[in-house]
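Before any comments, here is the structure.
Rule-based calculations on the coordinates, nothing more; no lab input. Being a predicted model, the structure only gives us computed values, none of them experimental. Glycine also receives a Cβ, built like all others from the backbone with ideal geometry; neighbour counts cover every protein chain displayed.
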2 protein chains.
Amino acid sequence: MNSAAAIRRYRRSGHKVTPQRVAVLRALEALRGRHPAASDILALVRREQPRVSPATVYRILHELCDMGQAVALDLGDGRARFDINPVPHAHLVCEACGRVEDLLWSLDLTRVPDRLRKGFLVTGAQVTLVGRCPACHRGEVTAIPSG
Amino acid sequence: MNSAAAIRRYRRSGHKVTPQRVAVLRALEALRGRHPAASDILALVRREQPRVSPATVYRILHELCDMGQAVALDLGDGRARFDINPVPHAHLVCEACGRVEDLLWSLDLTRVPDRLRKGFLVTGAQVTLVGRCPACHRGEVTAIPSG
DNA sequence: GTAGGTGCAAAATTTTTGCATGTTA
DNA sequence: TAACATGCAAAAATTTTGCACCTAC
């Protein structure tokens, strides 16, 4: 249960430690590595506390991202996905079925050559590789998909 | 006016060449490099053809992405951005003001080591670097911005 | 007790869909 | 003219906001 550190950080930062905040942290912990959308997190939180509202979950997720406890991902399907305390990594997304896999490829993309940086201070990177997962790729050699 | 090639491709693929398709292509051409959202493209199209509907623009943008004439980007603000015929490149996004700059960094990320690929066939990559643009970075050393 | 947090409901955005009508080839 | 494309309006889905009430400290 790693969420203890995040709870301490809430306390130290002057935020209150509420049951809702604890529940979101625990849900993120339980879903670590599964790239949950806000609705997935809400669903898990509601298994214990059915009256928690979407607004609260969104507010807490934003806080956690601001605090650096979590990161928001854009995997191309129009909703935000969340990761708690992630080891930096890239993602493989199947454009056919939407499957997402972590890609533990160590690229330190924050070290952009100064010449190209346009004065930006780069603090994070998001790398998404798009393609076909094995299952969706298999039928493709002999038959080009209609879409 | 590079959209001529795309128009030819429409004709060859059995799609009809409609004024709406031509207008979307010309808008994408005019906005090349500006990372327009669908609403930006619609607004430009409507300067010439006020009755074009959002649904039509979305349908045409999807077609163009499927045809490989354009790409959709996720820059982290909840709406899709579009680029026509882009040279592959990464993006710098300012997390404070939302400014987006191209980053002409030649990384061939589709060459993922086999060991890590998990069987995926990788066809494209999206690299987004997040940080602070020069303007938003400047005041930060002495004063943390309120937003 | 008070500052801050939450639930609810409504709104705002973006994107999709159904269907009657219009248009390209 | 026949298949395809569009406009319109409504729906869907996600995320944000206003406000009265509640609670952690």
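Here the ratio of the Cα radius of gyration of chain A to 2.2 N^0.38 Å is 1.24. The other copies place their A:Leu107 label points at 0.4 nm from this one, listed shortest first, where each point is 7 Å from Cα along Cα→Cβ. The aspartates and glutamates whose alpha-carbon is closer than 13 Å to the alpha-carbon of A:Lys16, local same-chain residues fewer than 8 away aside, are A:Glu63.
Distance from the axis that maps chain B onto chain A is least for the Cβ of the chain B residue given, with the whole Å value, as B:Asp74, 2. Estimated from the Cβ-Cβ distance and a Förster radius of 35 angstrom, the FRET efficiency linking A:Met67 and B:Glu63 is about 0.25.
Excluding A:Asp40 itself, what net charge comes from residues whose Cβ is under 14 Å from its Cβ, given Lys and Arg +1 and Asp and Glu -1?
Summing Lys and Arg as +1 and Asp and Glu as -1 gives +4.
Compared with the dominant Cα axis of chain B, that is its longest principal axis, helix B:54-67 is turned about 80°. Rounded to the nearest Hz, the phi-derived 3J(HN,Hα) couplings of segment B:70-86 under the Karplus curve 6.51 cos²θ - 1.76 cosθ + 1.60 (θ = phi - 60°) are 9, 10, 9, 10, 10, 9, x, 10, x, 10, 7, 10, 10, 9, 8, 6, x, where x marks glycine and proline.
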